[in-house]
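Only one structure is covered here, and it is reproduced in the block below.
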Amino acid sequence: MTKLSEKSLTQTTTNQADGAIPLVPMTVADFALKAQKPLSEVIMTLLRQGVVAAKNQVITEKVVAQLAQTYELAVVQQTKTKPEESELVKTSSSQEGTWQERLPIAVVIGHVDHGKTTLLDFIRKTRVAAKEKGGITQHLGAYEVATAHGNIVFLDTPGHEAFSMMRVRGLKVADIAILVIAADDGVMPQTVEAINRAKAVGLPIIVAANKIDKATPMQLETVKRQLAQHDLLPEDWGGQTVCIPISAKLGTGIDELLEVISLQAQLLDLKANISVPAQGYVLESKLEKGRGPVATVICLQGVLNVGDYFSAGATAGKVSSLVDYLGTRVKSATPAMPVSVAGFEAMPQAGDIFQVVSQGTHKKGATDEQLEQAVALNRKRSSTENAINILVKTDNASSREALLNSIDKLSGKLPRQFYIVSSGIGNISESDVELAADTHSTIYGFHVKTSPNAQELLQRQRVIVKHFDIIYKLLEDLEAFAEAGKPIKMVTKKIGEANVLKVFDIKGLGIVAGAVVRTGRFIRDGKVVVWRGKQKVGEGSIKGLQRDKKSVKEVHAGFECGFLVDGFDTWLPDDRVECFQEVPA
């Protein structure tokens, strides 16, 4: 096979070599046509290389080169005439354009169950917390809230360790971080992580010491001391960190918190350029009935309109509808306004850069970095022998990523690892069941259901599907699954002791020791060690055991027996015999 590299690729602008594959982004179907290969074969080849792609999905130049190398096909490279229009344009107030004030974006961060969602619930006067399974927020929500001090956009991020990357995205988009700490619990592991993440991106931090209705003044002082240990010295201790005691349940201190957020936003002097194409971030994505792949998007520059062409990471599309946080359809979204965007050609990834582009450049393949990460992850999983095959289905991309990362992390701690045959978004379908049956996999569903047709197929194919609404419950099940299949460690344990009374030489059988079991029991196939006084004189295994001239499996203390030992026959009366058995550790 001829080795290909970017340096050895033939450079051309218009002409292509006969039968050569142009080194440009193209759909899988286009490659199969140009390579004169069956489409199904190309898709399987991509899967083996760690790339999951359907026939109409665009693949990058690097993937095209790898496929061409696999099939020993020549390639030609086309020179780029101009930079990618989809590169994110950074703007500042010193640039030309129409600038206007925008709403502040505050991200609520902190440890699990410290009251982040309850705080937003009180502010919004809705019951978001009650809708979350197990009381844990497992999606990143964005909400615009009208307050007496002006409107504020709040981001609610999950506190569970598995959703670390989702918290990072919330911090990347936000202007201010609201660190919620339960005063009766103090600074916890995810609290420390949240502090470090906020500092890393330079966010001003406002501390909300929650649950003061349950905490004592001493516990509140303990929280302040812990904050000081992490370089967040409270104002009343001579520092610059605002620490406001609140009760998200009773509403105590909430008005003061909102006022501080508004004052901090005024100091930041937040503005956006509405003259440039809209650009921002994808917070989360999911499949929505009637709308297809949709994503929660916040743009930090420009105005997003229905009909705009856009790119987002490895996918692209045209805005077909915009829905605000109240569920109302809108025609446009101004900077900092969270909206649900429909019109994606494929599911975007949470954290992808979202940007409006011209119609001619709105298609974009996966980046080389994303491809390399996917290939590395696939190699890591497929290199594991004796792995447990599983299929994962979740309700949105953020949950899928958090779950896959957690499974990878869990695999490193277990005797058997997991091979994720497929991971997708949406309810469990017939094709999922068929794939699970073909690969002997178990299906794990997170916040999804099984379609009626798939349910019937499950019974016929005898595929196991497990549904979960809380991530740590799913991970606990996976851990038990892996532990159940691990090799059992055996140890040798002494189970009995006997004394030889008489020795019999039985013709055609051998030398038999007649003994009485003093303690424990003797078993057939048990290992024995023979002692004569204080000296060990032999060892072996019992190949025949009798009691009252009948063959038995075991003899207990107080009974006489005869046994024939494989490996020792020079018995003498008064020999002491110890019996051992291998048992699980």
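Worth a mention:
- Test: residue in segment 143-157 that is at pLDDT 50 or above, hydroxyl-bearing (Ser, Thr, Tyr), open to solvent by 30 Å² or more (accessible area, probe 1.4 Å) and over 18 Å from VAL201 (Cα atoms): yes
- In segment 226-253, the residues that are within 34 Å of the chain's Cα centre (by Cα) and assigned to a helix (DSSP H, G or I): GLN226, LEU227, ALA228, GLN229
- Sole exception among (1) aliphatic (A, V, I, L, M); (2) open to solvent by less than 30 Å² (accessible area, probe 1.4 Å); (3) at pLDDT 80 or above for LEU103, by number: (2)
- Every residue from segment 458-509 that is open to solvent by 100 Å² or more (accessible area, probe 1.4 Å) and hydrophobic (A, V, I, L, M, F, W, C): ILE488
- Of all residues in segment 173-212 being out of contact with any helix residue (DSSP H, G or I) (no Cβ under 7 Å at 6 or more places or on another chain) and on the phi > 0 side of the Ramachandran plot, the one that is surrounded by the fewest Cβ atoms within 10 Å (Cβ to Cβ): GLY202
- Flag for VAL528 being touching a Phe, Trp or Tyr at 6+ places or on another chain (Cβ under 8 Å) and either modelled with pLDDT under 90 or closer than 18 Å to TRP571 by Cα (or both): yes
- Of the set (1) β-branched (Val, Ile, Thr); (2) more than 35 Å from the chain's Cα centre (by Cα); (3) under 25 Å from ARG102 (Cβ atoms), all apply to VAL282 but (2).
- Given (1) surrounded by fewer than 17 Cβ atoms within 10 Å (Cβ to Cβ); (2) under 32 Å from the mean Cα position of the chain (by Cα), number of the condition LEU267 does not satisfy: (2)
- Any chance ASP505 is acidic (Asp, Glu) and either in contact with a His (Cβ under 6 Å, 6 or more places away or on another chain) or outside any strand (DSSP E or B) (or both): no
- When segment 560-575 is filtered for residues that are exposed (fewer than 15 other Cβ atoms within 10 Å of the Cβ) and part of a loop (DSSP other than H, G, I, E, B), the ones remaining, listed by number, are GLY567, THR570, LEU572, PRO573, ASP574.
- The set of residues from segment 213-260 being surrounded by 13 or more Cβ atoms within 10 Å (Cβ to Cβ), under 17 Å from VAL187 (Cβ atoms) and among the β-branched types (Val, Ile, Thr) comprises THR222, VAL223, THR241, VAL242, ILE244, ILE246.
The rows are residues; the columns are (1) under 26 Å from ILE205 (Cα atoms); (2) open to solvent by less than 50 Å² (accessible area, probe 1.4 Å); (3) touching a Pro at 6+ places or on another chain (Cβ under 6 Å); (4) at pLDDT 85 or above.
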| site | (1), (2), (3), (4) |
| --- | --- |
| VAL51 | no, yes, no, no |
| VAL64 | no, yes, no, yes |
| TYR71 | no, yes, no, yes |
| ARG124 | yes, yes, no, no |
| ALA129 | yes, yes, no, no |
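- Within segment 427-457, tally of residues that are surrounded by fewer than 16 Cβ atoms within 10 Å (Cβ to Cβ) and not in a helix (DSSP H, G or I): 2
The values are calculated or read from the model by the stated rules, or taken from the named source; none is laboratory data. A quick note: this is a predicted structure, and the numbers were derived from the prediction, not measured. Please note: Cβ atoms are built from the backbone with ideal geometry, for glycine as well, and neighbour counts cover all protein chains shown. Please note that ligands, DNA and RNA were not included when accessible areas were found on the heavy atoms of the full protein model with its side chains. Shrake-Rupley method; radii C 1.70, N 1.55, O 1.52, S 1.80 Å.
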